[in-house]
Structure formats: structure tokens, C-alpha cells
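Below is one structure, written out as C-alpha cells, with a few remarks after it.
The values are calculated or read from the model by the stated rules, or taken from the named source; none is laboratory data. A quick note: this is a predicted structure, and the numbers were derived from the prediction, not measured. Heads up, the Cβs are rebuilt from the backbone with ideal geometry, glycines too, and the neighbour counts pull from every protein chain shown. Note: areas computed on protein heavy atoms with side chains; ligands, DNA, RNA excluded. Shrake-Rupley method; radii C 1.70, N 1.55, O 1.52, S 1.80 Å.
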Amino acid sequence: MGAEFEQTGRIQWASDLAEIPQKFGVLGTSFADSAVAHPKFCAAPVGTLIKVMGVDHIMWGTDSVWYGSPRWQIEALRRLEIPKDIQKK
């Protein structure tokens, strides 16, 4: 994680993406790229989206068009936890 994230909890690209719905009302993102290999990194953008947009405005979908069966992505989402240090930021 970068210094900006460690100090502010902001991930430049994820925070920028999270602000798009405020302007345009829609956002697409890829969960699969980081869910298994980097779960803490994956948790940060998810937490950022929840913080900026609110939990009632987040809809999760799979990238199964690119990755095949979504079962492993569903399991990764079920296991995803936002660590306390990220929650505080």
C-alpha cells in the first residue's frame, strides 16, 4: 500500500472511481483481479466504495464473462473482511 493510503485511507484510483457515481450515477469495477491474490488490497476499494456511496448503493456482480464460473468469486466475497486498520481510514 502506498504512503497516501497509510496516512489518509485514500487510494487515488479507487477513491476517484468511487466519486464517479456522484457525477454520473454508475460505476463498473473488477473484483476478481485482487480478491484472492491480495485480499487486503481488495478490501480497501470495497471499503472506500461503501464509505463514499453507502452500503445501500453498492451492487456486487461477478466477472464470470472473463473468468468462467463465478463460484470462486462468490466464495472470495463471502470471506472478504475489511481489516480494522482499513476501517479506521
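Got a number for residues in the range 59-69 being among the small types (Gly, Ala, Ser), open to solvent by 60 Å² or more (accessible area, probe 1.4 Å) and assigned to a helix (DSSP H, G or I)?
Residues meeting the conditions: 0.
I need every pair where a residue in the range 77-89 that is under 18 Å from residue 58 (Cα atoms) and without any contact (Cβ under 8 Å) to a residue 24 or more places away in the chain has its Cβ under 8 Å from the Cβ of a residue that is part of a helix (DSSP H, G or I) and open to solvent by 100 Å² or more (accessible area, probe 1.4 Å), sequence separation at least 6 or different chains.
Once the first residue is under 18 Å from residue 58 (Cα atoms) and without any contact (Cβ under 8 Å) to a residue 24 or more places away in the chain and sits in the range 77-89, no partner that is part of a helix (DSSP H, G or I) and open to solvent by 100 Å² or more (accessible area, probe 1.4 Å) comes close enough.
Take residue 72 and decide whether it is surrounded by 12 or more Cβ atoms within 10 Å (Cβ to Cβ), more than 20 Å from residue 11 (Cα to Cα) and of a type outside the set (Lys, Arg).
Values: surrounded by 12 or more Cβ atoms within 10 Å (Cβ to Cβ): yes; more than 20 Å from residue 11 (Cα to Cα): yes; of a type outside the set (Lys, Arg): yes.
Spelling it out, residue 72 is indeed surrounded by 12 or more Cβ atoms within 10 Å (Cβ to Cβ), more than 20 Å from residue 11 (Cα to Cα) and of a type outside the set (Lys, Arg).
State whether one or more residues within the range 21-35 are more than 23 Å from residue 2 (Cα to Cα), of a type in the set (Lys, Arg) and either touching a strand residue (DSSP E or B) at 6+ places or on another chain (Cβ under 7 Å) or at pLDDT 85 or above (or both).
Within the range 21-35, none of the residues are more than 23 Å from residue 2 (Cα to Cα), of a type in the set (Lys, Arg) and either touching a strand residue (DSSP E or B) at 6+ places or on another chain (Cβ under 7 Å) or at pLDDT 85 or above (or both).
Please specify each residue of the range 37-58 satisfying the condition of being more than 11 Å from the chain's Cα centre (by Cα) and either outside any helix (DSSP H, G or I) or free of Cβ contacts under 8 Å to residues at least 24 places away in the same chain (or both).
Step one: list which residues in the range 37-58 are more than 11 Å from the chain's Cα centre (by Cα), which gives 37-38, 52-57.
Within the range 37-58, 37, 38, 54, 55, 56 meet the criteria.
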